[in-house]
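Student: To start, I am sharing the structure in question, which I have written as structure tokens.
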Amino acid sequence: MLKKLGAFYKEPPIAEPIQDSGKVDSMYKHWRLRIFYACFIGYTIFYLCKKNIAVALPGIMSEFHYSATELGLLGSSLYLTYGIGKFVNGVLADGSDVRKFLPSALLMTAVANILFALSPMFVGVFGLGDKTFAMVLLWVLAFLWGVSGWFQSAGFPAVAKSLTYWYSNSERGTKWSLWSCSHQTGTFLSVLVSGHLVDYLYKHGVEGAWRAAFLVPGILAIMTALWLYDRLRDRPQSLGLPDVEEYRNEPVKVQTEAEKSAEDDMSYVQIFKKYILCNRTIWMLAIAYIFVYIIRFGAEDWMIMYLQNAKGTSLSDATNKLASLPLVGICGTICAGLISDKVFKGKRAPVNLLYLVGVIISIIALKFNTISALDYVIIGLLGAFTYGPQMMIGGLCAVESSSKKVASAATGFTGTFGYVGAFLSATGTGFLVDKLGHNGQQNWDGAIYFWLVSGIICLVICAILAIEEYRKDAKKAE
């Protein structure tokens, strides 16, 4: 069974090279655009099935009387499986056919979301008492959300492989930042559509309206998965096209011909060991990624509850304010790629430092702001400054600090650490909010302090990497 499954997903062989330069140029233009928009739309739908939890949490808490700590454990189940799965699926994606790998992951994510929405009905069949029912349901929800996380984790490595093979180094910063806007687009649509849908249903007396936040994206994801299979293809070589660097007449960065030849003779395990396990820069990026994700997912998952409980904002207003985070985040992401490519000539470290300073200032402003309308601006800026390092550190920087042959594994490796941060964000934020409170009252200052300290630590790590990069460039210039 496993052999048949492996054979089905196996990376397609290299096709006979096309000799007609005109045809090569035409096919490259066609497929680069097609691959890009398919990856963008596909990953946007992944996020519809991922960030819907933020909208559903208040309804789940109200209906089943869970604490913030219990909801944190529920949310963290996805981050735990996503983190592990991102590394495992990263290794698998390097040798798999993207055309089959990515749609399959989205399809299974959709199934998990639909089952999540229907699980209270299934658990209710057993006629359990209220307390037992709530406890069993919490474990079932956590399990299904964890299953969803595992399959969602296969999405990013497959996309990373596609972008690395279809776009060269000189354009990758811009293209990667444009594609990364799918994160924010998916988050924006998920929060806005699911939030207002759930709010509308509750206002019209529909009990358990939070379920719609999972059913609607799940059905849409099934349709998108089938569409992706038609749109996607694997590497350019599988279509008879040359390597993208050869097509663009662009030498591979930092690799001499001797190094490239030596790498060609190495096994996947040897390349993995050299460029990932024994790569100090990758480890530093991975650790920094933990703290980026504490802030990112802390804001995405807890902001609605923070605004409702700490500032007395209504659900609809809190939803609109949170929507500004990914919306403005799109601008921040695109600018990060453009600035690093055009201003800093391919250097990513200076951009990370500038953005992280902005993150810290935004968190402080969120804490002390008392003007409701200004929350839109502050939360939007927090998104803009957070999504830049999120795109750079665990994605683009990781790929460019390793080898193209382990591009998926490199992003999977850093992504695993990122979701350690996401797990800590879910459990840590909920725990601190409860722990710092008194007499059963929650204290949401705990969330702010947690995110602020994380931003400072990440800034220190990235400063060390920037200094090391500066010293390396100075030595080369001598």
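The values are calculated or read from the model by the stated rules, or taken from the named source; none is laboratory data. Everything numeric here is computed off the predicted structure, so don't read it as measured data. Here Cβ is always computed from backbone atoms with ideal geometry, including for glycine, and neighbour counts include all displayed protein chains. Note: areas computed on protein heavy atoms with side chains; ligands, DNA, RNA excluded. Shrake-Rupley method; radii C 1.70, N 1.55, O 1.52, S 1.80 Å.
Student: Ignoring ligands, DNA and RNA, what percent of the 1.4 Å accessible area of region 140-224 is carbon and sulfur?
Tutor: Roughly 76 percent, rounded to a whole number.
Student: Still on this model: To the nearest 10 Å², what's SER62's accessible area with a 1.4 Å probe?
Tutor: Only protein atoms counted, so the area is about 80 Å².
Student: Would you please give the FRET efficiency between GLN308 and GLU171, computed as 1/(1 + (r/R0)^6) with r the Cβ-Cβ distance and R0 = 56 Å, to the nearest 0.05?
Tutor: So the FRET efficiency works out to roughly 0.85.
Student: Can you give the extra length, in nm with one decimal, that the chain gains between ARG280 and SER267 once fully stretched, where that is 0.36 nm per residue apart less the Cα-Cα distance?
Tutor: Length gained between ARG280 and SER267: 2.6 nm.
Student: Which FRET efficiency, nearest 0.05, do ARG248 and ALA365 yield, Cβ-Cβ r, R0 51 Å?
Tutor: Calculated value: 0.75.
Student: Please compare each pair in LYS51/LYS86; LYS100/LYS342; LYS51/LYS203; LYS50/LYS273 to a cut-off of 26 Å on the Cα-Cα distance and tell me which ones are over it.
Tutor: LYS100/LYS342; LYS50/LYS273
Student: Taking the Cβ-Cβ separation of THR132 and ILE219 as r and a Förster radius of 35 Å, what is the calculated FRET efficiency to the nearest 0.05?
Tutor: About 0.65, to the nearest 0.05.
Student: Counting heavy atoms of the protein chains only and a 1.4 Å probe, report the per residue accessible area for region 44-172 as a whole number of Å².
Tutor: Roughly 32 Å² per residue, with all protein chains present.
Student: With 10 Å bins from zero, work out the P(r) of region 320-401 over every alpha carbon pair and list the percent per bin.
Tutor: Histogramming region 320-401 at 10 Å steps yields 20, 48, 24, 8, 0 percent.
Student: Something else about it: Which of the GluC sites (Glu not before Pro) across region 200-249 are loop residues per DSSP, with 15 or fewer other Cβ within 10 Å?
Tutor: The qualifying sites are GLU207.
Student: Ranking request for peptides 43-56, 276-289: highest mean number of other beta-carbon atoms within 10 Å first, then the rest in descending order.
Tutor: 43-56, 276-289
Student: Could I ask something else about it? Expressed as a rounded percentage, what relative contact order does the chain have, with Cα pairs under 8 Å and six or more residues apart?
Tutor: 26 percent
Student: A further question on this structure: With the Cα gyration tensor of region 145-202 giving a ≥ b ≥ c as the square roots of its eigenvalues, does the rule (a/c under 1.5 for rounded; else a/b larger than b/c for prolate; else oblate) give rounded, prolate or oblate?
Tutor: Because a/c hits 1.5 or more and a/b fails to exceed b/c, region 145-202 counts as oblate.
Student: Cα extents of region 54-174 along the three principal axes, largest first, in whole Å?
Tutor: Projected onto its principal axes, the Cα set of region 54-174 covers 59, 25, 20 Å.
Student: Just the Kirkwood number for the chain, please: inverse of mean 1/r across all distinct Cα pairs, in Å, one decimal.
Tutor: 22.9 Å
Student: Take region 209-252, drop everything but the C-alpha atoms, weight them equally and run the Debye formula without solvent; then report log10 I(q)/I(0) at 0.22 Å⁻¹ to two decimals.
Tutor: Values returned for q = 0.22 Å⁻¹ are -0.78.
Student: In terms of the ratio Rg/(2.2 N^0.38 Å) built on C-alpha atoms, what value belongs to region 30-93?
Tutor: Taking the Cα Rg and dividing by 2.2 N^0.38 Å, one obtains 1.53.
Student: To continue, here is another question. Taking the Cα centroid of region 151-216 and of region 330-391, what is the distance between the two, rounded to the nearest whole Å?
Tutor: Region 151-216 and region 330-391 have Cα centres separated by 19 Å.
Student: Could I ask something else about it? Can you give me the long-range amide H partners of SER96? Hydrogens built in the peptide plane at 1.01 Å from N, cutoff under 5 Å, separation of 5 or more residues or another chain.
Tutor: GLU11
Student: Stretch ALA7-LEU239 to full length: gain in nm at 0.36 nm per residue minus the Cα-Cα span?
Tutor: Here the segment from ALA7 to LEU239 would lengthen by 81.6 nm.
Student: Related question: Taking a probe of 1.4 angstrom, what is the accessible area of PHE8 in Å², to the nearest 10?
Tutor: Here the residue's solvent-accessible area equals roughly 100 Å².
Student: For region 378-470, what % of the accessible area comes from carbon and sulfur atoms, probe 1.4 Å?
Tutor: Using a 1.4 Å probe with all protein chains present, region 378-470 comes out at 70 percent carbon and sulfur.
Student: How much length is gained on full extension from CYS335 to TRP227, taking 0.36 nm per residue of separation minus their Cα-Cα distance?
Tutor: Computed gain between CYS335 and TRP227 is 35.9 nm.
Student: Let me ask you something else. Determine how large the accessible area of LYS435 is when every protein chain is in place; take a 1.4 Å probe and give Å² rounded to the nearest 10.
Tutor: Only protein atoms counted, so the area is about 140 Å².
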